[in-house]
1. Where the eigenvalues come from the Cα gyration tensor of region 1-81, what are the semi-axes √(5λ) of the equivalent ellipsoid, largest first, in whole Å?
2. Who wins for biggest fluctuation among Lys80, Lys26, Lys46 in a Gaussian network model of the chain, springs between alpha carbons below 10 Å?
3. Using a cut-off of 15 Å between beta-carbons, work out the net charge of the residues near Arg32 (Lys and Arg +1, Asp and Glu -1, Arg32 not included).
4. Please compute the length gained on full extension between Lys112 and Asp174, using 0.36 nm multiplied by the number of residues separating them and subtracting their Cα-Cα distance.
5. Grab the DSSP H runs of the chain that are 4 residues or longer, score each as -39,500 (n - 2.57), total them, divide by all residues and round the 222 nm result to the nearest 500 deg cm²/dmol.
6. State, as an integer percentage, the relative contact order of region 6-182 based on alpha-carbon contacts under 8 Å between residues 6 or more apart.
7. Which residue, Ala24, Ala12, Ala110, tops the fluctuation ranking in a GNM of the chain built on C-alpha contacts under 10 Å?
8. Stokes-Einstein at 37 °C, 0.692 mPa s, Kirkwood radius from Cα pairs: D for region 6-182 in µm² s⁻¹?
Amino acid sequence: MSRLTQTDWIAAGFRALTTKGPQALKAEPLARDLGTTKGSFYWHFKDVPAFQEQMLSHWEEKATQNIIVALDPIPTPAAKLRALSQLATTPQGNYGGVGAEPAIRAWARADKNVAAALARVDTTRLAYLQEIFTAMDMANPDLPRICYASLIGLQELSDDCDSTGTTPMATLVDLMIALAKTD
């Protein structure tokens, strides 16, 4: 059996968060799910709060900077917005899989550290969406908020067996792009 890495533990943490909630983010239940001992957990993390901090840091990077870097080479703002909506509505685009973001939002209601991380992610995402909409000559700040709120709502409505709203999100993005072309 190969040694578990920090990334293995973090991935297990996201699986536990989405299926069992934040109360499952403890060394013993995670070790049991991974078929190992708590010692492996403590080899990688000082304690549970440090583990949770690493989870959030990893999610923040994946949920913002990695996406922005991936979209950077796309030449037009409309194509960038389409790619962003597609990425955001696929399981690969949601670190931890479908259900991770709603689970993080629920966790944030009870944990100020999670709420702070979520606020940073939301702020970065909204600023990036605003840049895209501004590049499409759509400077109304409500449009990125509507787009982002739609994504959050679609994620809340989905479950593990459902998509996260690929078709509805694509429809909304197409409508917004069409609106930009008619101005």
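None of the figures in this text is laboratory data; all of them are computed from the coordinates on show. Only a predicted model underlies this, so the values are computations on that prediction, with no experimental measurement involved. Reconstructed Cβ throughout: ideal geometry from the backbone, glycine too, with neighbour counts over all protein chains shown.
1. Each semi-axis is the square root of five times an eigenvalue, giving 32, 13, 11 Å.
2. Lys46
3. On the way: positive: Arg15, Lys20, Lys26, Lys38; negative: Asp8, Glu28, Asp33.
Neighbour charge sum, excluding Arg32 itself: +1.
4. Additional length available on full extension: 18.7 nm.
5. -22000 deg cm²/dmol
6. Numbers: 164 pairs, mean separation 40.6, N = 177.
Relative contact order here is 23 percent.
7. In this elastic network of the chain, the residue with the biggest mean-square fluctuation among Ala24, Ala12, Ala110 is Ala110.
8. Numbers: Rh = 17.2 Å.
Result for D is 191 µm²/s.
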